[in-house]
């Protein structure tokens, strides 16, 4: 009984990972994310994030994509990253970021922290001035 439950849980997890990785390497994602995925290193970063167990520690920051295909994803920030975001944007509280989709762009966030997680390759481009 426990082995069967364990097997079903592993099959469910592998199915989700398989579908996610298939989507990551699809033509649609390649087309939509072309400006963010600058090569193999960025794809490896995204694949590792997909395969990693989620970490729900720190402060949640939702990142939204408002153009097609629409999506949203949480980024969990450490206290140091929260301080960096607030300092960078000259805010006093994370509540100032709570105005919903389309209000701020992920590339407006400090490249060394949260933007790197939502936009692979963005930290290189921002440091290169592109």
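Restricting the calculation to Cα atoms, region 45-97 shows an Rg/Rh of 1.02 when the hydrodynamic-style radius is the Kirkwood one. Cα centroid separation, region 57-84 to region 1-50: 19 Å.
In terms of packing, defined here as the mean over residues of other Cβ atoms within 10 angstrom, the peptides 80-87, 5-12, 30-37 line up highest first as 80-87, 30-37, 5-12. Here the average projected area of the convex hull drawn through the C-alpha atoms of region 1-59 stands at 5.8 nm².
Any read-out appearing in this document is the output of simple, stated calculations on the displayed coordinates, not a laboratory observation. All values reported here derive from a predicted model rather than from experimental measurement. All Cβ positions, even for glycine, are placed from backbone atoms using ideal geometry, and neighbour counts span all protein chains on display.
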